[in-house]
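Colleague: Before I ask anything, here is the structure I am working with.
The values are calculated or read from the model by the stated rules, or taken from the named source; none is laboratory data. Quantities reported herein were computed from a predicted structural model and do not represent experimental measurements. Virtual Cβ from ideal backbone geometry, glycine too; neighbours counted across all protein chains shown. Calculation scope for accessible area: heavy atoms of the full protein, side chains included, ligands and nucleic acids excluded. Shrake-Rupley method; radii C 1.70, N 1.55, O 1.52, S 1.80 Å.
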Amino acid sequence: MYVTVNEVMTREVVSVHEHTPFKDIAEALIERGIGSVPVVDDAGRVLGVVSEADLLCKEQFRELYYQEGCRPPLKTRLRHRLSPDSAGRRRKATGDTAAELMTAPAVTVPATTSVVRAARAMDEHGVKRLVVTGDDGTLRGIVSRRDLLKVFARSDADIARTIREDVLERSLWIETLGIRVEADHGVVTLTGWMDRRSDARIAVRMAGRVDGVVDVIDQLSWKHDDTR
């Protein structure tokens with residue numbers, strides 16, 4: 001029933017080695033039009049992520065570490081000074097390689113993660129992209145918010161088939177001849193008869209959890225009300 005990260009992620013990923021110089025990282029971000037890149041070691045294992053914000057630490061703290069005349073506004077200086085990651089910002093401001101500039105550890109998910117869990121991980125960590133890794137920690141791909149939206153591009157026929165076969169027949173063991181499942185732009189309508197009211201409630205809830213479903217319209221009837 002659930003679409004996994006493996007089905008929607010971007011597989012051709014731009015990455016940098018831990019010893020990649022600052023300038024090469026900046027050029028990679030600009031040329032590819034991306035906001036961050038994973039950092040890997042010789043074995044391809046993910047060590048961290050370097051973002052535009054990580055690179056900009058060097059410019060933001062230039063007057064502190066290079067005694068140059070540029071001086072950020074007082075509010076900006078206080079915010080950075082009081083930040084719990086002030087030590088990390090100092091390290092990035094003086095860093096020259098990916099290993100010195102990166103944010104680590106990277107927020108990663110295995111390829112078998114459902115898109116729902118991936119979305120929750122993005123929200124919990126406040127990131128827009130997640131690094132997808134294999135069992136050995138090696139880079140497999142990148143999944144972004146835009147990639148997660150692909151589940152809502154599933155065809156109505158595919159959604160209806162999933163609900164009929166996976167929800168009703170396999171999960172609930174219900175004969176579907178008396179039930180009609182229709183989907184229109186992701187909005188599912190369930191009509192027909194079921195033996196028990198409790199089964200009808202469960203069917204509606206489970207249909208709503210199928211990836212790609214926008215809403216469920218419940219028009220089911222039942223023969224026995226076993227919820228009293």
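Colleague: Give the stretch 150-172 a look and list any residue that's of a type in the set (A, V, I, L, M, F, W, C), under 27 Å from THR10 (Cβ atoms) and either in contact with a Leu (Cβ under 7 Å, 6 or more places away or on another chain) or modelled with pLDDT under 90 (or both), or say none.
Modeller: Those that are of a type in the set (A, V, I, L, M, F, W, C), under 27 Å from THR10 (Cβ atoms) and either in contact with a Leu (Cβ under 7 Å, 6 or more places away or on another chain) or modelled with pLDDT under 90 (or both): VAL151, PHE152, ALA153.
Colleague: Which of the residues spanning the stretch 154-170 are in contact (Cβ under 8 Å) with a residue 40 or more places away in the chain and open to solvent by 20 Å² or more (accessible area, probe 1.4 Å)?
Modeller: ARG154, ASP158, ASP166
Colleague: Please indicate, with yes or no, whether at least one residue in the stretch 110-126 is at pLDDT 95 or above, within 18 Å of ILE34 (Cβ to Cβ) and assigned to a strand (DSSP E or B).
Modeller: No - not one qualifying residue is present in the stretch 110-126.
A quick yes/no check of all residues on (1) in contact with a Phe, Trp or Tyr (Cβ under 9 Å, 6 or more places away or on another chain); (2) closer than 30 Å to ALA53 by Cβ:
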{"site": "GLY134", "(1), (2)": "no, yes"}
{"site": "LEU149", "(1), (2)": "no, yes"}
{"site": "GLY192", "(1), (2)": "no, no"}
{"site": "GLY212", "(1), (2)": "yes, no"}
{"site": "VAL216", "(1), (2)": "no, no"}
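Colleague: Another question, if that's okay. Which pairs have Cβ atoms under 6 Å, sit 6 or more apart or on different chains, and link a residue in the stretch 114-129 that is closer than 20 Å to VAL14 by Cα to one that is in a loop (DSSP other than H, G, I, E, B)?
Modeller: VAL127/VAL107
Colleague: Now for a separate question. Which ones in the stretch 176-193 are modelled with pLDDT under 90 and either under 30 Å from GLU7 (Cα atoms) or assigned to a strand (DSSP E or B) (or both)?
Modeller: Scanning the stretch 176-193 gives a single hit, THR176.
Colleague: Could you grab the pairs with beta carbons closer than 8 Å, sequence gap of 6+ or different chains, first residue in the stretch 1-24 and over 25 Å from MET206 (Cα atoms) and open to solvent by 50 Å² or more (accessible area, probe 1.4 Å), second one part of a strand (DSSP E or B) and of a type in the set (Gly, Ala, Ser)?
Modeller: Pairs that qualify, where the first residue is over 25 Å from MET206 (Cα atoms) and open to solvent by 50 Å² or more (accessible area, probe 1.4 Å) and the partner is part of a strand (DSSP E or B) and of a type in the set (Gly, Ala, Ser), are THR10/GLY141; THR10/SER144; ARG11/GLY141.
Colleague: Looking at GLY186, is it within 15 Å of LYS223 (Cβ to Cβ), in contact (Cβ under 8 Å) with a residue 12 or more places away in the chain and either open to solvent by less than 50 Å² (accessible area, probe 1.4 Å) or touching a Phe, Trp or Tyr at 6+ places or on another chain (Cβ under 9 Å) (or both)? Steps first, please.
Modeller: Working: within 15 Å of LYS223 (Cβ to Cβ): no; in contact (Cβ under 8 Å) with a residue 12 or more places away in the chain: yes; either open to solvent by less than 50 Å² (accessible area, probe 1.4 Å) or touching a Phe, Trp or Tyr at 6+ places or on another chain (Cβ under 9 Å) (or both): yes.
No: the conditions fail for GLY186.
Colleague: Please specify each residue of the stretch 121-153 satisfying the condition of being out of contact with any Ser or Thr (no Cβ under 6 Å at 6 or more places or on another chain), among the small types (Gly, Ala, Ser) and open to solvent by less than 50 Å² (accessible area, probe 1.4 Å).
Modeller: ALA121, GLY134, GLY137, SER144
Colleague: Follow-up. Name the single residue that is least open to solvent (accessible area, probe 1.4 Å) among those in the stretch 85-120 being of a type in the set (Lys, Arg) and closer than 16 Å to ALA53 by Cα.
Modeller: In the first step, residues of the stretch 85-120 are kept if they are of a type in the set (Lys, Arg); the result is 89-92, 117, 120.
Next cut, closer than 16 Å to ALA53 by Cα only: 89-92.
Numbers: ARG89: 63, ARG90: 112, ARG91: 100, LYS92: 14 Å².
The qualifying residue least open to solvent (accessible area, probe 1.4 Å) is LYS92.
Colleague: Can you tell me which of (1) in a helix (DSSP H, G or I); (2) surrounded by fewer than 18 Cβ atoms within 10 Å (Cβ to Cβ); (3) modelled with pLDDT of 95 or more is the one ALA53 doesn't meet?
Modeller: Failed condition: (3).
Colleague: I've got another one for you. Identify, please: which residue in the stretch 7-45 is in contact with a Gly (Cβ under 6 Å, 6 or more places away or on another chain) and not in a loop (DSSP other than H, G, I, E, B) and is, among those, nearest to GLY141 (Cα to Cα)?
Modeller: The residue in question is THR10.
Colleague: Of all residues in the stretch 194-227, which are assigned to a loop (DSSP other than H, G, I, E, B) and either of a type in the set (Phe, Trp, Tyr) or over 33 Å from the mean Cα position of the chain (by Cα) (or both)?
Modeller: Correct list: ASP225, ASP226, THR227.
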